[in-house]
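The values are calculated or read from the model by the stated rules, or taken from the named source; none is laboratory data. None of these values were measured; they are calculated from a predicted model. As a convention, Cβ positions derive from the backbone with ideal geometry for all residues, glycine included, and neighbour counts pool all protein chains shown.
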Amino acid sequence: MDSLETFFAPIRDQIIGDRQTFDGPYGERRIIYADWTASGRLYAPIERRMLETFGPFVANTHSESNVTGGTMTQAYHIAQKLIKQHVNAGPDDVIITGGSGMTTVINKFQRILGLKVAEQLQGFFTIPADQRPVVFVTHMEHHSNQTSWLETIADVEIMEPDDQGLVDCDHLRELLEKYKQRKVKIGSFTACSNVTGIETPYHTLARIMHEHGGICIIDFAASAPYVDIDMHPADPLEQLDAIVFSPHKFLGGPGTPGVLIFASKLYTLKVPDQPGGGTVDWTNPWHQHSFTTNIEAREDGGTPGFLQAIKAALAIQLKDTMGVERIRQREAELMLRLFAGLRAIPRLHILADHIEQRLGIMSFYLQDVHYNLLVSVLNDRFGIQVRGGCSCAGTYGHYLLHLDASASRRFTDEVDHGNLFTRPGWVRMSIHPTTTNADVDYMLAAVSETASQIGQWEQEYRYIAATNEYLHIRPSGARFQGVEDWFRVE
C-alpha cells in the first residue's frame with residue numbers, strides 16, 4: 001500500500017456501505033462504488049455529529065430567544081460562513097442554499113437576474129432581438145447549465161471546441177465581439193466536465209467576460225469535492241461573479257442542498273424570488289408590507305434547510321482535512337492505472353482518450369454493446385457501481401461521439417417515437433481518493449472479462465424498452481426487494 005493510499009485508508013473505513021453486500025443473480029456480491037460523480041457517500045463521523053451533537057438541539061431557526069432556536073440559528077449562520085470561506089467569497093458576496101443540488105440554485109439565480117418568464121405569460125410581450133441578454137456556455141456543459149438557460153429570455157451561444165476538443169477561448173472572444181452591442185452578457189461555464197473530468201480555464205474565461213463588460217458564473221458541480229475554489233484571485237479581472245455547486249457529491253454530502261454564491265451587486269429585485277416567512281420586516285391588515293433588505297434573509301423564505309447547510313459545511317471540512325493536494329495526487333495515481341488498464345481491452349473506447357490530465361472521471365463504451373447492458377453485468381456479476389447513458393451532457397456527447405446534425409436527427413426522431421435503444425451513450429466510471437489500487441485492478445479485470453464474455457452473458461438478460469434498461473432473466477435477480485420494509489418505524 002503506497003503512502004497516499006495509506007493516508008486515505010482510515011477515511012475509507014468510515015464510509016458507510018464500504019463493505020456492504022447484496023444478493024444478486026449470481027449470489028452475494030460486495031458493492032464496489034465507482035459512481036462518485038453522481039453522488040458522494042455517507043460518512044459515519046458526519047452522521048454521528050448530525051445525530052448526537054446537532055440533533056438534540058434541532059428546532060426551527062428565526063429565533064434566538066430560546067436555546068434550541070438560538071442554537072440552530074447560530075449553527076446555520078456558521079455553516080453559511082464556513083461554506084463562503086471555503087470558496088474565498090468576499091464580504092459583498094451572498095450565499096443561498098436550496099433544493100438538493102446546483103440545478104435548483106442555478107434556476108433560482110436565473111430568476112433573480114430577471115431572465116425567467118412564466119410560460120403562460122410569454123405570449124403577452126416581445127423583446128427586441130438586440131435587447132435580449134446573451135448567455136455563453138461551453139460545449140462541455142451538463143444539461144442543468146445549458147437547457148435551463150435555453151428556457152430563459154436570453155439568447156444562448158455554445159462555444160465551439162478547439163481542435164483538441166477543449167474549450168476555445170478565442171471563440172468566446174469572437175462571440176463577444178459579435179454581441180458587443182448587447183447590454184447583458186453572461187458567461188456560464190462548467191469548471192469541469194462530468195463526462196470526461198477535463199477541466200476548463202475558467203479564470204481565463206472570467207477575464208475575457210469582464211474585458212467585454214460581461215459577468216461570469218462557474219458551475220463547480222463535478223469538481224467541487226476535489227479542487228480549490230477561489231472566487232477572488234489576485235487579479236480582479238479573474239474573479240468569479242457567481243458560483244454554483246452540489247455538496248451532495250462530496251464524501252459525507254448526500255442530503256445537502258445546492259449552493260449559490262454571488263456578488264450582491266447583481267441583485268436588483270424589489271420583491272424576493274420566494275416571499276414568505278422571514279423575508280419581511282412587517283406586515284399589516286391593509287395589504288402593506290416591507291421586505292427586509294438583507295439579501296440572504298429575503299431569499300431564504302420559510303423554514304430554511306438548516307440541517308442540510310450544516311451537513312454541507314461538515315462535508316467541506318472533511319474535504320479540507322483530506323487536503324486538495326493529496327486528493328489530486330491520489331486521483332492522478334488511480335487515473336494512470338485506469339488509463340493503462342482500459343486501453344488494453346479490445347473494442348473498448350475511452351472518450352477523449354488523448355487527454356489524460358483530468359479529474360477522476362472516465363467514460364467509455366464497448367463496440368456494439370449497449371451501455372446499460374454493461375452497467376447491469378458489472379453490477380450483477382461483480383458488484384461494481386457505474387452509470388450508463390449520456391451523463392446529462394447530450395451536447396458534449398455529440399462532440400465526443402462525432403455526431404453530425406443528420407445523425408443527431410435520426411437518433412432524436414427514434415427517441416421521439418419511443419425507441420430508446422438507439423440513443424447514444426457510454427459508461428461512466430468515477431473514482432475517489434479513498435478508492436484502493438485493489439479495487440481499480442478488480443474493476444479493470446471485471447471490464448476485461450465482460451468484454452470477452454458479453455456475447456454469452458447477454459443471453460441471460462432481457463431488454464426493457466420502456467426504460468432502456470437490461471434486467472436479468474432469473475427471478476432471484478430482483479435487486480430491490482425489501483426496500484419497502486426500510487420504511488417501517490418501530
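Looking only at residues of region 5-32 that are among the small types (Gly, Ala, Ser) and touching a Lys or Arg at 6+ places or on another chain (Cβ under 7 Å), we find that the one that is surrounded by the fewest Cβ atoms within 10 Å (Cβ to Cβ) is 17.
This table checks each residue for (1) among the basic types (Lys, Arg); (2) in the same structural domain as residue 360 (by TED's automatic domain parsing); (3) surrounded by fewer than 17 Cβ atoms within 10 Å (Cβ to Cβ); (4) over 24 Å from residue 107 (Cα atoms).
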site	(1), (2), (3), (4)
169	no, no, yes, yes
182	yes, no, no, no
189	no, no, no, no
194	no, no, no, no
200	no, no, no, no
217	no, no, no, no
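Within region 155-185, being of a type in the set (A, V, I, L, M, F, W, C), more than 11 Å from residue 133 (Cα to Cα) and in contact with a helix residue (DSSP H, G or I) (Cβ under 9 Å, 6 or more places away or on another chain) holds for 158, 159, 167, 169, 172, 176. Among the residues of region 229-246, those that are over 16 Å from the mean Cα position of the chain (by Cα) and either among the charged types (D, E, K, R) or assigned to a loop (DSSP other than H, G, I, E, B) (or both) comprise 230, 231, 232, 233, 234, 235, 238, 239, 240, 241.
Highlighted here are the strands (runs of 3 or more DSSP E) found entirely within region 85-199 that include at least 1 residues which are closer than 22 Å to residue 273 by Cβ and touching a residue at least 24 places away in the same chain (Cβ under 8 Å): 93-98, 134-137, 185-190. Listed conditions (1) more than 24 Å from residue 334 (Cβ to Cβ); (2) out of contact with any Phe, Trp or Tyr (no Cβ under 7 Å at 6 or more places or on another chain); (3) part of a loop (DSSP other than H, G, I, E, B) are all met by residue 37, apart from (1).
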